[in-house]
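Only one structure is covered here, and it is reproduced in the block below.
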Amino acid sequence: MKNNIVDLQDKLQALLHAQRDNFIQGKVADYIPALASVQPDLAGICVATIDGKTVGAGDYQRPFSIQSISKVFGLVMAMNRVGDALWQRVKMEPSGQPFNSIIQLEWEKGIPRNPVINAGALLVSDVLTSHFSASKLAFLSFVRKLANNETIRVDKQVYLSELSHGNRNAALAYLMKSFGNIEAEIPAVLSHYFTQCAVAMSCQQLAQSLLFLAFKGVDPSSKSIICSPKDAHRVNAILSTSGMYDQSGEFAFSVGLPAKSGVGGGLIAIVPNYGVICTWSPPLNSFGNSVVGMNLVAGIAEELGLSIYH
């Protein structure tokens, strides 16, 4: 971890170069048509550290659709707003089922297994929709503040694409509503959820915006408290057990970092007391995780000895 920035830059470049043959392995997400048109051979990696350094390689400054990585921001906002009451409505266990499973939600009477599967993120979206007068604007403002960048925006094309192909998410939300676990009107909840998923950010912006999770809830640059140390611990714990869909156990076993992926090809990994790694490469494996992104995070974590289990 004591490597200087030049060394780190060289390592990132080398790791990215070593992945060239894998750039079109996997399949770009196509169930959201707007994502299907993204160039498959783009890739970037960025490391932001709590002492203010940022190093990147490849397309690390190019914005992309953050998709499920947005669930991390939404969760922190909901925890800050309603506190422990949140955990009466959503659990913190790995699901063992696909991230958009309806069957599990039926079995468990409308209480999602955790906040980073789709049902759980929809429940969090309901909390935000119910507790903020303009939840979509509040979400965007929160992310802009964390990234210290007012230009971050919602990709309207991706939002509309999600809205017109979001029937399964609508089914999850209506099922929870039937069990009394959704308070707001479903169209408002879905609109919020699709809006946050359609936010476009670069690897650099994402890495910098999540540094508070590596620093016990405090933004290391502004020293402002984003969440309590206890809640930062809880978020990292959930990301360790559930953040990589049905590959979460394998990722913890082989890499050993709290992480969250998105079907836009992004992947963030939190390194407590060090910083954040963010990668982007659109082609996904069968679990919905970026093929190249996982290799890059595994590579830099091994090079620098960053596993939390050491």
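Which whole-angstrom value gives the distance between the alpha carbon centres of region 1-51 and region 173-244?
Using only Cα atoms to place each centre, the spacing works out to 22 Å.
What's the longest bit of the chain with no exposed trypsin sites (Lys or Arg not before Pro), using DSSP loop states and at most 10 other Cβ atoms within 10 Å as the test?
Longest stretch, sites excluded: 3-222.
Say R0 is 41 Å: what FRET efficiency, to the nearest 0.05, do HIS310 and ARG153 get from their beta-carbon distance? Working shown, then result.
Working: r = 39 Å, r/R0 = 0.95.
Computed FRET efficiency for HIS310 and ARG153 comes out at 0.60.
Between GLY217, LEU8, PHE132, whose Cα lies farthest towards the positive end of the dipole of the chain when Lys and Arg beta carbons carry +1 and Asp and Glu beta carbons carry -1, centred on the Cα centre?
Going by the charge dipole, the pick is PHE132.
How many Å³ per residue does the convex hull of the Cα positions in region 68-197 occupy?
For region 68-197, the hull spanned by Cα atoms encloses 98 Å³ per residue.
Compute the convex hull volume of the Cα atoms of the chain, divide it by the residue count, and report the result per residue in Å³ as a whole number.
112 Å³
Between SER164 and ILE5, what is the label-point separation in nm under the 7 Å Cα-to-beta-carbon projection?
Taking the two extended label points, one gets 4.5 nm.
Holding the Cα-Cα limit at 18 Å, pick out from LYS71/LYS136; LYS177/LYS260; LYS109/LYS230; LYS145/LYS223 the pairs that are longer than that.
Flagged as over cut-off: LYS177/LYS260; LYS109/LYS230.
How large is the dipole of region 68-197 about the Cα centre if only Lys and Arg carry +1 and Asp and Glu carry -1, each at its Cβ, rounded to the nearest 20 debye?
That gives region 68-197 a dipole magnitude of about 200 debye.
Express the Stokes-Einstein translational diffusion coefficient of region 172-310 in µm² s⁻¹, to the nearest whole number, given a Kirkwood radius over alpha-carbon pairs, 10 °C and a viscosity of 1.306 mPa s.
Numbers: Rh = 16.1 Å.
The diffusion coefficient I find is 98 µm²/s.
Tally Lys/Arg at +1 and Asp/Glu at -1 over every other residue whose Cβ is under 13 Å from the Cβ of PHE99; what's the total? Before the final figure, lay out each step's value.
Numbers: positive: LYS71, ARG113, ARG168, LYS260; negative: ASP246.
Combined, the nearby Lys, Arg, Asp and Glu give +3.
Could you grab the relative contact order for region 68-197? Cα pairs under 8 Å, six or more apart, rounded to a whole percent.
Once divided by the residue count of region 68-197, the mean separation gives 32 percent.
Just checking the chain: which Cys have no other cysteine's beta-carbon under 4.7 Å?
Cysteines lacking a close Cβ partner in the chain: CYS197, CYS227.
Taking N as the number of residues in region 144-222, what value does Rg over Cα atoms divided by 2.2 N^0.38 Å take?
1.38
Every read-out reported here was derived from the displayed coordinates using simple, explicitly stated rules and does not represent laboratory data. Note that the coordinates shown come from a computational prediction; the quantities given were computed from them, not determined experimentally. Positions of Cβ are generated from backbone atoms using ideal geometry, with glycine treated the same way; all protein chains shown enter the neighbour counts.
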